[in-house]
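The values are calculated or read from the model by the stated rules, or taken from the named source; none is laboratory data. Remember, it's a predicted structure, so these values are computed and weren't measured experimentally. Here the Cβ positions follow ideal geometry from the backbone for every residue, glycine too, while neighbour counts run over all protein chains shown. Calculation scope for accessible area: heavy atoms of the full protein, side chains included, ligands and nucleic acids excluded. Shrake-Rupley method; radii C 1.70, N 1.55, O 1.52, S 1.80 Å.
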Amino acid sequence: MIERLTRAERLRIVAELCPKHGSRRACDSFERARARAVEILGPADRADMSADYVLVRAVDRFVAGEITLQDLYRCRVLAYYMMFAAGGEEWARWGVAASVRPGDFSPALEDADLEELPAPIPPGPPWRDIP
């Protein structure tokens with residue numbers, strides 16, 4: 001039989017890593033998520049401790065019987081936080097500033113002048129217009 005975590009167990013792990021109230025939550029930043037992953041997997045000798053590394057190393061350790069299924073799931077969630085939490089890998093890749101908050105908007109764009117709209121797109125590919 002394949003060992004699986006129940007929905008309740010998965011939710012408990014997420015709540016453990018990112019409690020509703022509290023400080024120093026792993027979901028708050030890349031650095032905190034990485035530090036928690038190091039606690040589970042140990043230091044990454046010369047490798048860059050990226051989300052991909054955490055996932056691959058966690059699977060290797062799980063298959064070798066060195067970590068539990070719960071720790072494997074923790075690493076999966078931590079890798080997600082390392083990607084998308086403040087200062088995470090996606091933030092760095094797309095240039096999103098850590099100070100951006102929901103509701104922060106750039107200045108409104110000017111209304112388009114309807115007189116200057118481009119010509120409409122032709123009805124379809126050229127081969128369809130051939131009789």
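Scanning the stretch 1-33 for residues that are among the hydrophobic types (A, V, I, L, M, F, W, C) and open to solvent by 100 Å² or more (accessible area, probe 1.4 Å) yields 1, 2. Among residues of the stretch 1-20 that are closer than 14 Å to residue 75 by Cα and β-branched (Val, Ile, Thr), those with a beta-carbon under 8 Å from a residue that is in a helix (DSSP H, G or I) and open to solvent by 50 Å² or more (accessible area, probe 1.4 Å) at least six positions away or on a different chain give the pairs 13/70. A count restricted to the stretch 21-38 and to residues that are free of Cβ contacts under 8 Å to residues at least 40 places away in the same chain and in contact with a Cys (Cβ under 7 Å, 6 or more places away or on another chain) stands at 1. Give the number of residues within the stretch 69-89 that are part of a helix (DSSP H, G or I) and either touching a Lys or Arg at 6+ places or on another chain (Cβ under 9 Å) or farther than 14 Å from residue 27 by Cβ (or both). Summing the residues that are part of a helix (DSSP H, G or I) and either touching a Lys or Arg at 6+ places or on another chain (Cβ under 9 Å) or farther than 14 Å from residue 27 by Cβ (or both) in the stretch 69-89 gives 12. Would you pick out the residues in the stretch 39-63 that are surrounded by fewer than 16 Cβ atoms within 10 Å (Cβ to Cβ) and either in contact with a Gly (Cβ under 9 Å, 6 or more places away or on another chain) or in contact (Cβ under 8 Å) with a residue 24 or more places away in the chain (or both)? Selection gives 52 alone.
Restricting to the stretch 12-29, count the residues that are of a type in the set (Val, Ile, Thr) and in contact with a strand residue (DSSP E or B) (Cβ under 6 Å, 6 or more places away or on another chain). Talk me through it step by step, then tell me what you get.
Kept after step one, since they are of a type in the set (Val, Ile, Thr), are these residues of the stretch 12-29: 13-14.
Now narrow it down to the ones that are in contact with a strand residue (DSSP E or B) (Cβ under 6 Å, 6 or more places away or on another chain): none.
Selection size over the stretch 12-29: 0.
Only a single item in (1) in a helix (DSSP H, G or I); (2) open to solvent by 80 Å² or more (accessible area, probe 1.4 Å) is not met by residue 66, and it is number (1).
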